[in-house]
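See structure below.
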Amino acid sequence: MEMQGRRREVVVSSLQFACSDDISTNVAAAERFVSLSLSLTINLSHLPPPCNFHVLVREAHAKGANIVLIQELFEGYYFCQAQREDFFQRAKPYKNHPTIARMQKLAKELGVVIPVSFFEEANAAHYNSIAIIDADGTDLGIYRKSHIPDGPGYQEKFYFNPGDTGFKVFQTKFAKIGVAICWDQWFPEAARAMVLQGAEVLFYPTAIGSEPQDQGLDSRDHWRRVMQGHAGSNVVPLVASNRIGKEIIETEHGPSQITFYGTSFIAGPTGEIVAEADDKSEAVLVAQFDLEMIKSKRQSWGVFRDRRPDLYKVLLTMDGNI
């Protein structure tokens, strides 16, 4: 009876907003608690109001959040629409990274956990990375994005080396969390690897929207269903954060445009949507979960008990031939 009464609750949050393309303006203005109003139209010549991620983190905290997810590469535009040498100047070393340092102060002040996405320069290598900041401001380490896409509008292979950290789980004050990044979310192996290592909640910061080569292609429902499947197949909650707004980047072939479709969401342990945003509005989503109850469900459901890793060697191949 005592075990049945145990509860271990966590409140998770997903942020959704549009971005300008000036890091210093974004951070400084957000720290001055500027208006929450954000423009949805972005181009290189007319900057919208800045990303107010500090304000949004505070709003999430005010709603009771313990862990707050900010979208992928939130310091500015999603620059990977173009292959431009000058965009490598956006990368900074992990050590003494100014945005990470500021978010450490914010995490400590509010007592919340914040994964911080950034463009990492590591000597001659470059990574799409995320630092996990615990509720006391401690930097728990980084994960480097494993799967790197390469297609029209999403030309990340030009900028990022494949991550070398492997899939990781971080013990935070409130829960063991697994954090992967955008394109990683399409691979069920990544989610399973993190939960096998003890992840109690999965987090996916994202930058995804329209396809420059085909404006009629809309992947938002596909995007969400895949991650709902990760939550349901692993019996864990899942938090996804995506940006909104139209961003235009000059390329060698002229301007490229992506309209990011937002629709950030939080899924429960059977894949059910418990909180969701629309495709145009700034949003602060929150949801509460009892991790002890979910742990019991995960154990009793048998999806980890009945695994047969001895039969999965084909997953180590590219062509299915062992």
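The values are calculated or read from the model by the stated rules, or taken from the named source; none is laboratory data. Note that the structure is predicted; figures quoted are calculated from it, not measured. Positions of Cβ are generated from backbone atoms using ideal geometry, with glycine treated the same way; all protein chains shown enter the neighbour counts. Note: areas computed on protein heavy atoms with side chains; ligands, DNA, RNA excluded. Shrake-Rupley method; radii C 1.70, N 1.55, O 1.52, S 1.80 Å.
Of interest is the spacing of the C-alpha centroids, which for the stretch 132-181 and the stretch 235-294 amounts to 17 Å.
Label positions at residue 288 and residue 102, each projected 7 Å from the Cα along the C-beta direction, are separated by 3.2 nm. Magnitude of the charge dipole for the stretch 141-210, about its Cα centre and with charges confined to Cβ atoms of Lys, Arg (+1) and Asp, Glu (-1), is about 220 debye. For labels at residue 6 and residue 171 in the simple 7 Å Cα→Cβ model, what's the distance in nm? Going from the residue 6 label point to the residue 171 one covers 1.6 nm.
For the Cα atoms of the chain, what angle does the longest principal axis make with the long axis of helix 291-301, in degrees from 0 to 90, nearest 10? Between helix and principal axis, roughly 60 degrees.
Provide the FRET efficiency to the nearest 0.05 for the residue 122-residue 225 pair, computing r from the beta carbons and using R0 = 25 Å. Computed FRET efficiency for residue 122 and residue 225 comes out at 0.15. Pairs exceeding 31 Å between alpha-carbon atoms, taken from 168/297; 246/313; 145/313: 246/313.
The order of the peptides 154-163, 304-313, 235-244 by mean Cβ neighbours within 10 Å, most packed first, is 235-244, 154-163, 304-313. The helix-based estimate of mean residue ellipticity at 222 nm for the chain, built from -39,500 (n - 2.57) per DSSP H run of four or more residues and divided by its residue count, is -6500 deg cm²/dmol to the nearest 500. Close amide-amide hydrogen proximity is noted between residue 74 and 117, each under 5 Å apart and 5 or more residues distant or on a separate chain (H modeled in the peptide plane; Pro and chain starts excluded). Here the Kirkwood formula puts the hydrodynamic radius of the stretch 200-322 at 16.9 Å, using every distinct Cα pair. Compared with the dominant principal axis of the Cα atoms in the chain, helix 53-62 is inclined by about 30°. Per-atom-type breakdown for the chain gives carbon and sulfur 53% of the accessible area (1.4 Å probe, protein chains only). Per residue, the accessible area of the stretch 99-255 comes to 35 Å² when a 1.4 Å probe rolls over the protein heavy atoms.
Here the Karplus curve 6.51 cos²θ - 1.76 cosθ + 1.60, taken at θ = phi - 60°, turns the phi angles of the stretch 67-78 into couplings of 10, 10, 9, 9, 5, 5, 6, 6, 5, x, 4, 6 Hz, with x standing for Gly and Pro. Distant-in-sequence amide contacts of residue 279, defined by a placed amide H-H separation under 5 Å and a gap of 5 or more residues or a different chain, comprise 263.
Highest average first, the peptides 70-81, 262-273, 85-96 ordered by how many other beta carbon atoms sit within 10 Å of their residues are 70-81, 262-273, 85-96. Labels on offer are (i) 39, 23, 16; (ii) 30, 24, 19; (iii) 38, 27, 16, and the one holding semi-axes √(5λ) of the Cα gyration tensor in Å computed from this structure is (ii).
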